[in-house]
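*Asks:* There's a structure below that I have some questions on.
Derivation of every value follows stated rules applied to the coordinates shown; laboratory data play no part. Not measured: the values here are computed from a predicted model. All Cβ positions, even for glycine, are placed from backbone atoms using ideal geometry, and neighbour counts span all protein chains on display.
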Amino acid sequence: MTDTLPLRDLLVNIRNCDECADRLPLGPRPVLQADSSARLLIIGQAPGTRVHASGVPWDDPSGERLRDWLQLNSAEFYDASKVAIVPMGLCYPGRGKSGDLPPDPSCAPKWHKSLFEQLPAVALTLLVGTFAQQYYLGAGGRNLTERVRNWRDYGPHYLPLPHPSPRNNLWLRRNSWFESEVLPALRARVSALALN
């Protein structure tokens with residue numbers, strides 16, 4: 001006998017969560033998508049203001065770039081039966097001096113384990129950005145660049161990626177190997193999942 005909630009009920013609980021309401025400048029609005037048949041899981045940072053307003057994950061220029069990296073169109077990307085999208089922080093955390101604040105640290109421990117137990121078909125998890133990588137891969141003496149460059153070390157289940165934000169254009173220019181080495185492998189892995 002298990003006390004695990006059905007995924008549908010768990011998603012309702014997550015979307016109604018207001019535990020961090022006093023710390024969120026725009027109030028709680030958890031943004032995610034998940035279905036038990038999803039083959040690809042994307043774990044990013046936290047919604048930005050545009051995603052908070054729309055309630056649609058990756059509904060911004062970062063999402064456009066991510067979809068290009070994956071070679072998935074919007075219909076494929078937003079098909080929850082194929083792609084689960086669960087950030088480290090489910091709500092917009094607010095603005096800091098040089099961009100959005102880090103994801104709320106209480107969110108992933110509260111929801112990820114119970115949610116991911118309900119996603120048995122996931123064959124590939126993309127860890128987008130430092131926060132997801134540190135949480136799931138540990139620090140291990142590597143920074144984001146080293147983790148992405150050594151992506152093979154984390155397979156076959158995980159594949160670390162830089163954040164696709166336009167703020168990372170300089171990183172992408174300085175690390176041209178990402179486009180020539182990592183993107184083809186990423187696209188091959190995603191294509192093998194037969195999401196389109």
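*Asks:* Specify which residue in the list Phe131, Leu40, Leu115 is farthest towards the positive end of the charge dipole of the stretch 7-192, using unit charges on the beta carbon of Lys, Arg (+1) and Asp, Glu (-1), about the Cα centre.
*Replies:* Phe131
*Asks:* Which residue, Leu66, Asn143, Cys20, has the largest displacement toward the positive end of the dipole of the stretch 7-192 when charges sit on each Cβ (Lys, Arg +1; Asp, Glu -1)?
*Replies:* With unit charges placed on the Cβ atoms, the residue in question is Asn143.
*Asks:* Give the shape of the stretch 70-161 as rounded, prolate or oblate, defined through the alpha-carbon gyration tensor: a ≥ b ≥ c are the square roots of its eigenvalues, a/c under 1.5 means rounded, and otherwise the shape is prolate if a/b is larger than b/c and oblate if not.
*Replies:* Numbers: a/c = 1.40, a/b = 1.10, b/c = 1.27.
Rounded.
*Asks:* List, in order, the whole-Hz ³J(HN,Hα) value for each residue of the stretch 95-103 obtained from phi through the Karplus relation with A = 6.51, B = -1.76, C = 1.60 and θ = phi - 60°; use x for Gly and Pro.
*Replies:* 9, x, 5, 10, x, 5, 5, x, x
*Asks:* While we're looking at this one, here's another question. Taking the alpha-carbon centroid of each part, what is the distance from the stretch 56-75 to the stretch 134-187 in angstrom?
*Replies:* 17
*Asks:* Another question, if that's okay. Taking the Cβ of Asp60 as the centre, find all other residues whose Cβ is under 12 Å away and add up their charges (Lys, Arg: +1; Asp, Glu: -1). Mind showing how you got there, number by number?
*Replies:* Values: positive: Arg50, Arg65, Arg67, Arg167; negative: Asp59, Glu64, Asp100.
Taking every Cβ under 12 Å from that of Asp60, the sum is +1.
*Asks:* Using a Debye calculation, one point per C-alpha and no hydration shell, please list log10 I(q)/I(0) for the chain at q = 0.13, 0.15, 0.17 Å⁻¹ in order.
*Replies:* Taken in order of the listed q values, log10 I(q)/I(0) reads -0.67, -0.92, -1.20.
*Asks:* Taking the Cα centre of the stretch 7-192 as origin and charging only Cβ (+1 Lys, Arg; -1 Asp, Glu), how large is the dipole, in debye to the nearest 20? The partial results should precede the final answer.
*Replies:* Details: 22 positive and 18 negative charges, 89 e Å.
In total the dipole reaches around 420 debye.
*Asks:* Which FRET efficiency value, to the nearest 0.05, do you get for Asn143 and Arg173 by plugging their Cβ-Cβ distance into 1/(1 + (r/R0)^6) with R0 = 25 Å?
*Replies:* Numbers: r = 18 Å, r/R0 = 0.70.
Efficiency, from the Cβ-Cβ distance: 0.90.
*Asks:* Further question: For the residue pair Glu76 and Val12, what label-to-label distance in nm results when each label sits 7 Å from Cα along the Cα-to-beta-carbon direction?
*Replies:* 3.4
*Asks:* Net charge near Tyr136, counting Lys/Arg +1 and Asp/Glu -1 over other residues with Cβ under 14 Å of its Cβ? Present the calculation step by step, with values, prior to reporting the outcome.
*Replies:* Numbers: positive: Lys113, Arg142, Arg147; negative: Asp153.
With Lys, Arg at +1 and Asp, Glu at -1, the neighbours total +2.
*Asks:* Hey, another quick one. Taking θ as phi - 60°, what are the ³J(HN,Hα) couplings along the stretch 144-150 by the Karplus curve (6.51, -1.76, 1.60), each to the nearest whole Hz, with x for Gly and Pro?
*Replies:* 4, 4, 5, 5, 5, 4, 9
*Asks:* Under the rule of at least 5 residues apart or a separate chain, name every residue whose amide H is placed under 5 Å from the amide H of Leu161.
*Replies:* Leu127, Val128, Gly129
*Asks:* Under the rule of at least 5 residues apart or a separate chain, name every residue whose amide H is placed under 5 Å from the amide H of Leu101.
*Replies:* Gly94, Arg95, Gly96
*Asks:* With r as the distance between the Cβ atoms of Ser36 and Val56 and R0 = 22 Å, compute the FRET efficiency 1/(1 + (r/R0)^6) and round to 0.05.
*Replies:* FRET efficiency, Val56 to Ser36: 0.60.
*Asks:* Right, another one. What are the ³J(HN,Hα) couplings of the stretch 155-170, residue after residue, when phi is run through the Karplus curve with 6.51, -1.76, 1.60 and θ = phi - 60°? Round to Hz, x for glycine and proline.
*Replies:* x, x, 7, 9, 9, x, 9, x, 6, x, 4, x, 5, 9, 4, 5
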